[in-house]
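The values are calculated or read from the model by the stated rules, or taken from the named source; none is laboratory data. Quantities reported herein were computed from a predicted structural model and do not represent experimental measurements. Cβ sites come from the backbone with ideal geometry, for glycine too, and all protein chains shown count toward neighbours. Areas reflect the complete protein model, heavy atoms only, side chains present, ligands, DNA and RNA absent. Shrake-Rupley method; radii C 1.70, N 1.55, O 1.52, S 1.80 Å.
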Amino acid sequence: MANVTVIGAQWGDEGKGKIVDWLASRADAVVRFQGGHNAGHTLVVDGTTYKISLVPSGIVTGTLSLIGNGVVLDPWALKSEIEKLEGQGVKVTPDNFAVADNCPLILPLHRDLDGLRETAAGQGKIGTTGRGIGPAYEDKVGRRAIRVCDLAHLDEIEPQLDRLCAHHDALRAGFDEPPIDRETLIADLREIAPFVLQFAQPVWKRLKKVRKAGARVLFEGAQGVLLDVDHGTYPFVTSSNTVSGTAASGSGLGPNATGFVLGITKAYTTRVGSGPFPTELTDEIGQGLGERGHEFGVVTGRKRRVGWFDAVLVRQTCSIAGVTGIALTKIDVLDGMDKVKICTGYRLDGKIYDYLPSHAASQARCEPIYEEMEGWAESTAGARSWADLPANAIKYISRIQELIECPVALVSTSPEREDTILVRDPFED
Ligand code: GDP
Ligand code: IMO
Ligand code: MG
């Protein structure tokens, strides 16, 4: 299989950035296809940490990095991220980086609306990253978005702004907010336009050329399948499809381009924001996992909720997203635990479930059924081969593989790029 699609198999933050960076040196192009700067990916290379939200993680290896049409792009966030990367010695030029000219833009008015809605929702809030992601996708499907290509035609933008402002001004009035300041918005767009336009092009065409030359494409998903707007824990989800199929529609390649679907899966479970989480641990075990795993959001700094590995959920997400194999990350965080638990089913209203029901209130009432296994005292941190793992860690990984009905292709044992065990090369046939 020439191509690899990396997606999150849980609620995000599974370690996608680390694995994409590790695979990037063997890819000819890395493509983001959904989400925006709500994503936060951490890469550690020879002791240097890179935190990336919008630019594909392949940029650190210098691999051609493309932002596809499925992404919602905040031009100011893009500029500051590129400046930050350049400050760390990473080169970002029109030679190694491009943005699809049909990407919808995230504007300050989207961020405003995200915040206003969350505040008004009180207890019912989603717990978004506050980046304007949801409102920007709403404007895309509502056919009133300003897109990257519009930045080259700002003299003709008034009719588009009429439609956009008619919608937003009505919403803002409901929140007692003043109408959009059109003059400021246009002035801001004029200022940022040249920066974005130097990278803008039809990414589908660039990819067609790359593919014709027989190149390997690595698709980099953001978030996780449980945050997918269709398949996730709705309404506590993000506003895009995070499943593997989006790699095709969000970049402009056909569905046969996705190749090996690598589902990044944490050896336990975390979630940021509101919503059901059947295996959540609010005791000192959860606190210990959170501390050892440094479970704080990259984007918002929020403490991540932590729980045991949920095999029901990962079996479901692997099936929905057509996962070929998983990369199991952060196994080292479980080092030193007496016992480890895996959720194998739910109890709800006297019935046993082998899947997560769709109704939000039912999801919230699912009681996990656990299987307990012996932990391991030895360290797995930094292990680079199967032989370096203690027997009980191997048993744990094997049991996960069995329960989720999907093979393990990689195991990650530290944040560092090279601390990775290869079981099956996703780029090999
Ligand atoms: P992403 O959003 O899926 O890219 O994941 P994040 O970067 O938000 O969160 C994953 C965190 O775990 C980051 O801080 C990584 O550096 C770290 N990480 C990734 N793989 C491993 C691993 O195998 N072991 C440990 N201890 N940390 C890891
Ligand atoms: P990466 O790519 C974890 C969550 C938010 C919130 C919900 C909706 O780093 O895995 P949004 O701002 O998207 O409208 O928020 O989705 N969320 C993430 N959680 N990792 C992410 O990205 C996330 N991106 C969004 O916390 O619950
Ligand atoms: Mg993250």
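Of note:
- The chain: angle of helix 203-212 to the longest principal axis, Cα-based, in degrees nearest 10: 50
- Once the Cα atoms are used to define both axes, helix 391-404 deviates from the longest principal axis of the chain by about 60 degrees.
- By the beta carbon rule, with partners counted only under 4.7 Å, the chain holds these lone Cys residues: 103, 149, 165, 343, 366.
- Heavy-atom accessible area ranking, 1.4 Å probe, most first, across 212, 18: 212, 18
- Of all DSSP beta bridges in the chain, antiparallel share, percent nearest 5: 40
- Computed from the C-alpha gyration tensor, the three semi-axes of the ellipsoid equivalent to the stretch 127-256 are 30, 23, 11 Å, from longest to shortest.
- Percent carbon-and-sulfur accessible area, the stretch 276-429, ignoring ligands, DNA and RNA, probe 1.4 Å: 48
- Element breakdown for the stretch 64-169 at a 1.4 angstrom probe: carbon and sulfur atoms account for 50% of the accessible area.
- The H on the amide N of residue 35, modeled in the peptide plane, is under 5 Å from the matching H of 72, each at least 5 residues off or on a different chain.
- Between residue 80 and residue 371, residue separation times 0.36 nm minus the direct Cα-Cα distance comes to 100.1 nm.
- Per residue, the average separation of C-alpha pairs within less than 8 Å and at least 6 apart gives the chain a relative contact order of 21 percent.
- Accessible area expressed per residue, the chain, with surrounding protein chains retained (probe 1.4 Å, Å²): 40
- Between helix 158-174 and the chain: long-axis angle, C-alpha atoms, 0 to 90°, nearest 10: 60
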